[in-house]
Amino acid sequence: MNAIEKERVTEIVTLHSEVAGYLRISLAKGIRIGELLTEQKAALKHGEFTPWIKANLPFTDRTAQNYMRLYSQRGLLKTENVSYLAEGYRLLCAPKERDEVGSLYKQQFDLAVRARTLELEAGRTMIAMNRLLTPNPGHIITGTAEDDIVFHIEEGKLTVFKLRGKGFTEKSYKTGEDVWWYLEKRVGIGRVQAIWELPQITLSDEDVRRLESETQGTDRFWDTLQQITRRACGVFDEQAFIEAAQKLYNDLAALCSDLCGTWALISSKA
């Protein structure tokens, strides 16, 4: 390193220390550093400037470029009455850098809007599922899940019957308006195999007596039960019932799929 180069390095390091030590530094010192760096770069061969900075100066190539930009744009800074180093940096921020920052903010905004939209979609889907799983007045919704569960929903209550050994256990849960949540938690909507809506059947005293009297003969018992059911349900169209049950199941499965997909998207954006 020759004497002139050594003198430049010494002055650059000294001036940089002053810049780092004062918040309200004179812009002239920053411009002077840029001038010295510009002179040194011109004295070096192509590709030697960055290694020279790493070997001789206590700051990065990017900081050096900022100083040099101050020097090259000193006329603009004077016209704009810039008196502080930070103001000069902000004014000379490259258009590309501003575009990148603006693009990042836009992406963050778009992601926030998308996340909010997905949350609203999830909310609408949950409302639709609750409506689907809420029986009409005087009706109950019943269904099966896999091979060991039967459930029914009525008047804000979910009752789950689960096969245990030779019998079933029975548990009831007050659902309020969150029917789908309780069905998912206690049964698992993805496990549901069939689901349908039926009128509630209230047995009269005569019906009870008839059933009790027919319990000795299985065939007659089921025949009596069928008569009572048909009378309570009105004209029973088996095909219409099958189609309605299948539609209810398909609607539930579609809503469940939509909800799972929406939550997966929300999770991926988190």
Considering only the stretch 157-178, state which residues are closer than 20 Å to TYR249 by Cα and modelled with pLDDT under 85.
GLU177
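Listed here are the residues, each with its yes/no results for (1) surrounded by fewer than 15 Cβ atoms within 10 Å (Cβ to Cβ); (2) assigned to a helix (DSSP H, G or I); (3) in contact (Cβ under 8 Å) with a residue 40 or more places away in the chain.
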{"site": "PHE109", "(1), (2), (3)": "yes, yes, no"}
{"site": "ARG116", "(1), (2), (3)": "yes, yes, no"}
{"site": "GLU121", "(1), (2), (3)": "no, yes, yes"}
{"site": "ILE127", "(1), (2), (3)": "yes, yes, no"}
{"site": "THR144", "(1), (2), (3)": "no, no, yes"}
Looking only at the stretch 1-44, filter to residues that are outside any helix (DSSP H, G or I) and surrounded by 13 or more Cβ atoms within 10 Å (Cβ to Cβ); which one of those is modelled with the lowest pLDDT?
ILE25
Only one of (1) over 17 Å from ALA254 (Cα atoms); (2) at pLDDT 85 or above is not met by TRP181, so which one is it?
(1)
Take the stretch 98-129 and flag every residue that is of a type in the set (Asp, Glu), at pLDDT 70 or above and over 30 Å from ASP251 (Cβ atoms).
ASP110
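The values are calculated or read from the model by the stated rules, or taken from the named source; none is laboratory data. In this text, all values refer to a predicted model and were calculated from it rather than measured experimentally. Note that each Cβ is placed from the backbone with ideal geometry, even for glycine, and that neighbours are counted across all protein chains shown.
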